[in-house]
């Protein structure tokens, strides 16, 4: 897995704050009021420069709840930094398993013999592209819905990097996580090139 740096948005608010926050997965998360680059599921990363851990941050020697702090008019103006949502290891496993199941079902339901399964999935929020290698390893690229990236060439290049840094590694076993810094670095460089030429890309 590789991705570009998580986007962050910092904004100073007067009372009352015009985004609605709720505690989700032990974080203060935006659930309504998407605007100014702050999107749904973004979470509060800091308050007035103080880092937020879960839903709490430090004021002097006191731990303060973010949601309670933002409800008090006396605490304004306040500067809030939001960050894009991240996916936990468990969520990655769940999503990977779910996609693998959908991929397998698509192959079985397809009227075409030797179906290649899910290659492209388009929604109003994102596009998903998939390439399954001959060894069964799936490469997935997720882009913004507006992106015009040449996904086929990007996936092919990722597969080339996989063969160079994983399959040629005598210590690597298929279906095991790829633990190679050179592979991670090469993927990051590839994504940065795609980002500069065709918009937001994550892999």
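The values are calculated or read from the model by the stated rules, or taken from the named source; none is laboratory data. Computed from a predicted structure; not experimentally measured. All Cβ positions, glycine included, derive from the backbone under ideal geometry; neighbour counts span all protein chains shown.
Count of the stretch 10-44 residues, restricted to those that are out of contact with any helix residue (DSSP H, G or I) (no Cβ under 7 Å at 6 or more places or on another chain), under 17 Å from residue 77 (Cα atoms), free of Cβ contacts under 8 Å to residues at least 60 places away in the same chain and in a strand (DSSP E or B), is 1.
If you go through the stretch 178-187, how many residues are assigned to a helix (DSSP H, G or I) and closer than 19 Å to residue 137 by Cβ?
Step one: filter the stretch 178-187 for residues assigned to a helix (DSSP H, G or I), giving 181-187.
With closer than 19 Å to residue 137 by Cβ added as a condition, the list becomes 182-184, 186-187.
Qualifying residue count, the stretch 178-187: 5.
Checking each residue in the stretch 19-48 for being over 19 Å from the mean Cα position of the chain (by Cα) and exposed (fewer than 13 other Cβ atoms within 10 Å of the Cβ) picks out 20, 22, 32, 35, 36. Taking the stretch 95-128 as the search range and keeping residues that are free of Cβ contacts under 8 Å to residues at least 12 places away in the same chain, surrounded by 12 or more Cβ atoms within 10 Å (Cβ to Cβ) and within 26 Å of residue 176 (Cα to Cα), which one is farthest from the chain's Cα centre (by Cα)? Only one residue fits best here, namely 115. Considering the stretch 52-80, the residues that are touching a residue at least 60 places away in the same chain (Cβ under 8 Å) and part of a strand (DSSP E or B) include one that is surrounded by the most Cβ atoms within 10 Å (Cβ to Cβ), namely 80. Filtered by the rule that a residue be modelled with pLDDT of 85 or more and surrounded by fewer than 17 Cβ atoms within 10 Å (Cβ to Cβ), the stretch 129-141 gives 133, 137, 138.
Only residues in the stretch 129-152 that are farther than 14 Å from residue 195 by Cβ and outside the structural domain of residue 172 (by TED's automatic domain parsing) count as the first member; pair them with residues that are modelled with pLDDT of 80 or more and crowded, with 18+ Cβ neighbours inside 10 Å, Cβ under 7 angstrom, at least 6 apart or cross-chain, and list the lot. Listed pairs, sorted by first residue: none to list. The set of residues in the stretch 151-172 being part of a loop (DSSP other than H, G, I, E, B) and surrounded by 13 or more Cβ atoms within 10 Å (Cβ to Cβ) consists of 169, 172.
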